[in-house]
Amino acid sequence: MSKKKDPRFKIANREALIGVGLAVFNFVWWFAFAYGLGSKSPENYQYILGLPAWFFYSCVLGLVIMVIAVSLIVKKGFVDVPFEDEEVDR
Amino acid sequence: MNWEVIIPLFLFLLIIFAIGFWASGHVRASSSFLQEYFLGGRELGGLILAMTMIATYGSASSFIGGPGVAYTEGLGWVLLSMTQVVTGYFVLMILGKKFAIVTRKYQAITLVDYLKHRYDSKIVVITAAVSIIIFLFSAMAAQWIGGARLIESLTGLQYTSALFIFAVSVLIYVIIGGFRAVALTDTVQGIVMFFGTLILLIATIVAGGGISNIMTDLTTENPNLVTPFGSDGSLTPAYVSSFWILVGVGVVGLPQVTIRAMSYKNAQAMHRAIIIGTIVVGFIMLNMHLIGVFARPILPGIEVGDKVMPMIAMEVLPPWIAGIVLAAPMAAIMSTVDSLLLLVSSAVVKDVYVNYIKPEATQTQVKKLSFGVTGVLGILVFVMALDPPDLLVWLNLFAFGGLEAAFIWPVVLGLYWSRGNKYGAIASMVVGVLSYILIDSFYPEPLGMHSVTFPVLMSLIAYIAGSLLIRVEQKESI
């Protein structure tokens with residue numbers, strides 16, 4: 001707790017908040033497409049690549065979007081920091 | 001006996017053993033036994049970190065139970081399983097660099113070590129160690145039973161012999177190789193799971209005459225199968241969404257997952273693991289459960305859900321490929337069990353014995369004890385799994401939710417909220433576990449959500465209240 005000003009912790013805090021943001025986005029995407037498109041009667045479903053549209057957007061495209069978003073954010077936004085303190089134990 | 005299936009399984013076990021022996025060389029050569037044996041020397045790279053996280057977390061339920069339920073419920077259950085994608089990035093981003101830095105500073109080897117330094121309280125340590133030992137021991141026994149049942153159904157061996165083969169295989173490589181063996185075998189097992197899923201998905205789609213054809217067959221049988229609401233419309237949005245806590249973000253609190261967030265080498269390893277983890281966990285969860293749904297028109301009328309996955313593999317694949325694919329659930333179970341075994345062993349050796357019983361123990365004593373405890377625990381689970389006592393079956397029901405409710409806030413807020421203190425942590429653990437058991441026993445699924453939802457919220461309130469109401473004046477850091 002004495003190391004409150006450790007600059008690495010500022011980076012860590014920011015990245016943790018990004019994690020929360022991604023999870024919220026993930027949830028909204030997943031929920032909105034699944035129940036937005038899936039709540040009508042199955043006769044009125046549209047199909048994409050053979051799958052019902054709600055499922056395609058929510059689960060298949062949703063996964064692709066999350067993989068792209070996570071990759072971009074980690075590659076562009078995450079900072080490389082050393083983990084060891086002054087006393088290096090190895 | 002079905003030799004074409006047995007031979008690939010046997011080869012798979014041989015590879016696993018070879019890794020165990022290779023890793024045991026590191027254990028012998030290491031200058032810091034505890035750190036090497038229980039944490040792999042903090043040297044994991046990105047691929048191995050991602051794979052060991054997924055493989056530990058993705059247990060029998062992802063490969064046997066889950067597809068079985070998807071077979072019955074349809075696409076609604078695949079939607080539910082997709083709540084697990086978040087684990088691929090969330091755990092490492094939340095615990096992330098801060099946990100890695102802090103646990104190195106504390107020289108923590110286990111989750112309990114971290115709690116001990118953070119809260120400086122004997123009660124926190126004992127409560128945490130006891131919860132880990134009780135809950136994970138029960139979870140482990142349940143997985144062993146699953147593993148033995150799988151071997152039994154694939155090979156036609158007796159349950160007891162199947163259990164014996166399973167137990168001996170796991171025990172040998174875990175005892176000799178420690179965490180490094182567990183992580184490396186998890187990686188092999190994760191790769192087997194990934195390709196097993198891919199092969200089986202393609203073969204199932206072909207056997208069903210294409211996805212459109214399968215969807216038409218499902219709609220003809222019961223239109224609910226292609227909706228998000230399950231075969232009888234009972235999967236409500238509230239219920240399905242509440243799985244975001246149990247198998248999604250709540251996973252941050254599971255000790256077998258958090259321990260991995262202190263085992264990696266550097267920030268690049270963590271970055272790579274986040275990307276690989278998200279891809280692999282998403283791919284496996286989506287497709288394994290889809291296979292369960294697609295299997296329905298091909299093999300209608302399967303009564304026991306757990307048989308769907310083995311039966312569809314035997315149906316749509318040539319036998320020797322089926323053997324390779326069926327090594328995947330085997331791998332999933334083994335990779336979960338090995339981690340739990342090592343974790344319970346570390347709780348006994350490091351958290352209880354070295355902390356409180358004999359702090360002055362020498363390296364050699366600790367080494368002997370670690371091998372011994374791991375072995376004895378394994379034998380104990382074996383005996384329990386032969387004829388599981390009711391208490392154990394009951395405890396297993398609460399294992400994952402209970403650990404999440406107990407640990408999520410003491411771990412996460414311990415990192416990010418400096419006012420959090422031992423009173424908050426104790427209140428949070430006690431309230432989390434007790435309210436979960438009480439709610440699930442007497443008032444299950446309040447407001448249509450999974451029973452774990454409210455205990456997680458209540459343990460948050462308890463943590464904040466406990467920390468704010470009783471102030472701890474101790475400014476000096478450890």
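Tabulated data
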| item | result |
| --- | --- |
| Over 26 Å between alpha carbons, listed pairs B:K368/B:K422; A:K10/B:K422; B:K97/B:K367; B:K122/B:K265; B:K350/B:K422 | B:K368/B:K422; B:K97/B:K367; B:K122/B:K265 |
| Taking B:T72, B:T278, B:T453 and counting other C-beta atoms within 10 Å, the order from fewest to most | B:T72, B:T453, B:T278 |
| A:F33, A:F56, B:F21 arranged by Cβ crowding within 10 Å, fewest neighbours leading | B:F21, A:F56, A:F33 |
| Calculated [θ] (222 nm, deg cm²/dmol) that DSSP helices of n ≥ 4 give over chain B, each run adding -39,500 (n - 2.57) | -25000 deg cm²/dmol |
| Region B:387-478: trypsin sites (Lys or Arg not before Pro) falling in loop per DSSP and having at most 14 other Cβ within 10 Å | B:R419, B:R471, B:K475 |
| In region B:39-130, chymotrypsin sites (Phe, Trp or Tyr not before Pro) in a DSSP loop with at most 11 other beta-carbon atoms within 10 Å | none |
| GluC sites (Glu not before Pro), loop per DSSP, at most 13 other Cβ atoms within 10 Å - longest free stretch of chain B | B:1-302 |
| Residues with amide H under 5 Å from that of B:S451, placed H, sequence gap 5 or more | B:E445 |
| For region B:141-240, radius of gyration divided by Kirkwood radius, i.e. Rg to Rh on alpha-carbons | 1.13 |
| Peptide-level mean, for A:79-85, of C-beta atoms on other protein chains within 10 Å | 6 |
| Ascending count of other beta-carbon atoms within 10 Å, so fewest first, for B:T258, B:T364 | B:T364, B:T258 |
| Kyte-Doolittle at least -1.0, axis length at least 20 Å by Cα - qualifying DSSP helices, chain B | B:3-29, B:87-106, B:122-155, B:159-207, B:267-298, B:319-346, B:363-386, B:390-416, B:422-442, B:453-469 |
| Ellipticity estimate at 222 nm from DSSP helix runs (n ≥ 4, -39,500 (n - 2.57)) divided over chain A, nearest 500 | -19000 deg cm²/dmol |
| Dimensions (Å) - chain B, Cα atoms, principal axes, largest first | 68, 51, 45 |
| Inter-centroid distance (Cα atoms) of region B:172-186 relative to region A:48-82, Å | 32 Å |
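Quick note: the coordinates plus some simple rules give every number you see, no bench work behind them. In this text the structure is predicted, and so the values were computed from the model without any measurement. Here Cβ is always computed from backbone atoms with ideal geometry, including for glycine, and neighbour counts include all displayed protein chains.
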